[in-house]
There are 2 protein chains.
Amino acid sequence: MHERIATDIRRRIGSGELAVGDAVPSESQLCAQWSASRGPVRQALATLRAEGLIGGGRGKPPMVRRQALSQPFESFLSFSAWVSALGQTPGQRTLEVARRPATQDMVDALHLEDGEPVVQLLRLRLIDDKPAMIERTTFVDSVGRSLFDFDCDSGSIYAHLQSLGHDMTVARHQIDAVAADETDAELLGVPVGSPLLRERRRASSVAGEPIEYSDDRYRPDIVSFTIENSQQTNTSLMRRWAAS
Amino acid sequence: MHERIATDIRRRIGSGELAVGDAVPSESQLCAQWSASRGPVRQALATLRAEGLIGGGRGKPPMVRRQALSQPFESFLSFSAWVSALGQTPGQRTLEVARRPATQDMVDALHLEDGEPVVQLLRLRLIDDKPAMIERTTFVDSVGRSLFDFDCDSGSIYAHLQSLGHDMTVARHQIDAVAADETDAELLGVPVGSPLLRERRRASSVAGEPIEYSDDRYRPDIVSFTIENSQQTNTSLMRRWAAS
């Protein structure tokens, strides 16, 4: 029992549901939630305290001290895996899968030859049936062509590509804000012009070859990003300046 | 000379001016920029290649392969240090420094007692005299009171606090998008309602005690954030879901 309680709290920290500085549910709340006695609840909290994930104890209410080893890389790339880890239901509505010659910005982003074909996907992503994000993803042709044999409404494309041996091991994320255009507004159910959180991402293979470029737009009232860094960990979070 | 060229490119990678996947200036461009011969330019590129910062060579154009050891933690906290590292001029216009009782959200964010005083700052930040960001920062009183003896228009508050021994060693950043309110719009020179990139940050001492909480709003056409992660590095970049 104490292991199940500890695992659940670890998951909630790992998913971001409980953030650093948040209070951990009290002993009595955990007892009620798990129909458990004080013994296993205290043991679970002691385990997490020993791992350094939570602080408190000796009269102080327990509080999240640091992130669980951080969200696994896969679950950051895969919306489906992330939503499942939250204990919610991921969903998707595919609006378009198309093969077409790469535009100049995709030639640059994916290091292609002029006119090389790419596979482009437009999908609305849902959390518990509520629109949360729109993804506009471009795959290099050798990878993307496998999507024509796949039902993009059936689940995680990332998991599908992995099963075919297409591993993405490095990603670069650029994060900013944009005004919702008409497509965004209609699909996400927000007014045209309202602020969206945008993540543009390039993911590459272990050999350093770009595989996908995506423009993902989130409803900021539903999803935000958190990053923790310190003088020790040297996180690669950077501001980027667009000289104008 | 080759050391100066390498250092300059390292700085440009470190500041985010050159991002992963970007082309490094060609040998001829570098020769022209530095009025240098091919020798030192090639030596500089070879040094960076040996460090793994750039790829290419043997006929392929050099390209940024990974971030310089990443932006130092300090320069992410300090807007002034970051802008200076870009080779631009940071600026600020302080609109308010006030001492007042903490509101409930600051009591929660900074782990204060009800009614404890805090010091709050409203500053417009500039890059080369152009408005780029508005910061609304709340300091715990023991740290913030030192700002009344400091000219907040003279430069980096972070450097000032460091010189007084107030070190911030851990930070948690939550990133989303918001519509510009009237204050934002007037100071940043954008229409009311236009999208801004928001970073809310809590920075803590090495002992884990919160020191400041800030709500920083950036013009997204001028500043964005980039993050690089991989299966190896396990960056603590997380999505956060606001259940509604």
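Within the range B:95-120, which residues are more than 14 Å from every other protein chain (Cβ to nearest Cβ) and in contact (Cβ under 8 Å) with a residue 24 or more places away in the chain?
Of everything in the range B:95-120, those that are more than 14 Å from every other protein chain (Cβ to nearest Cβ) and in contact (Cβ under 8 Å) with a residue 24 or more places away in the chain turn out to be B:Leu95, B:Glu96, B:Val97, B:Arg99, B:Ala102, B:Glu116, B:Pro117, B:Val118, B:Val119, B:Gln120.
What is the residue count in the range B:110-144 for residues that are among the small types (Gly, Ala, Ser) and surrounded by 19 or more Cβ atoms within 10 Å (Cβ to Cβ)? Talk me through it step by step, then tell me what you get.
Taking the range B:110-144 first, the residues among the small types (Gly, Ala, Ser) are B:115, B:132, B:142, B:144.
Narrowing further to those that are surrounded by 19 or more Cβ atoms within 10 Å (Cβ to Cβ): B:132, B:144.
Residues flagged as among the small types (Gly, Ala, Ser) and surrounded by 19 or more Cβ atoms within 10 Å (Cβ to Cβ) within the range B:110-144 amount to 2.
Looking at A:Ser142, is it farther than 16 Å from A:Thr94 by Cα, more than 13 Å from chain B (Cβ to nearest Cβ) and among the polar types (S, T, N, Q)?
Yes, satisfied.
Please specify each residue of the range A:26-69 satisfying the condition of being modelled with pLDDT under 90, away from chain B (no Cβ under 14 Å) and part of a loop (DSSP other than H, G, I, E, B).
Correct list: A:Ser26, A:Glu51, A:Arg58, A:Gly59.
Residue-wise test of (1) of a type outside the set (Asp, Glu); (2) touching a residue at least 12 places away in the same chain (Cβ under 8 Å); (3) open to solvent by 30 Å² or more (accessible area, probe 1.4 Å); (4) closer than 23 Å to B:Phe225 by Cα.
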position	(1), (2), (3), (4)
B:Ala6	yes, yes, no, no
B:Ser15	yes, yes, no, yes
B:Gly21	yes, yes, no, yes
B:Leu30	yes, yes, no, no
B:Gln33	yes, no, yes, no
B:Ser37	yes, no, yes, no
B:Gln43	yes, yes, yes, no
B:Ala50	yes, no, yes, no
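Check B:Arg12 against each of (1) assigned to a helix (DSSP H, G or I); (2) away from chain A (no Cβ under 14 Å) and name the one condition it does not meet.
Evaluating B:Arg12 over (1) assigned to a helix (DSSP H, G or I); (2) away from chain A (no Cβ under 14 Å) leaves (2) as the failure.
Filtering the range B:180-231 down to residues that are open to solvent by 50 Å² or more (accessible area, probe 1.4 Å) and facing another protein chain (nearest Cβ under 8 Å), which residue is modelled with the highest pLDDT?
Among them, the one singled out is B:Asp221.
Tell me which of these A:Asp167 doesn't satisfy, since it passes every other one: (1) in contact with a strand residue (DSSP E or B) (Cβ under 6 Å, 6 or more places away or on another chain); (2) within 12 Å of another protein chain (Cβ to nearest Cβ).
All conditions are met except number (1).
The values are calculated or read from the model by the stated rules, or taken from the named source; none is laboratory data. Bear in mind that the values here come from a model prediction, so they are computed numbers and not experimental data. Using ideal geometry, Cβ is built from the backbone for each residue, glycine included, and neighbour counts are taken over all protein chains shown. Side chains included, ligands, DNA and RNA excluded: accessible areas come from the protein's heavy atoms. Shrake-Rupley method; radii C 1.70, N 1.55, O 1.52, S 1.80 Å.
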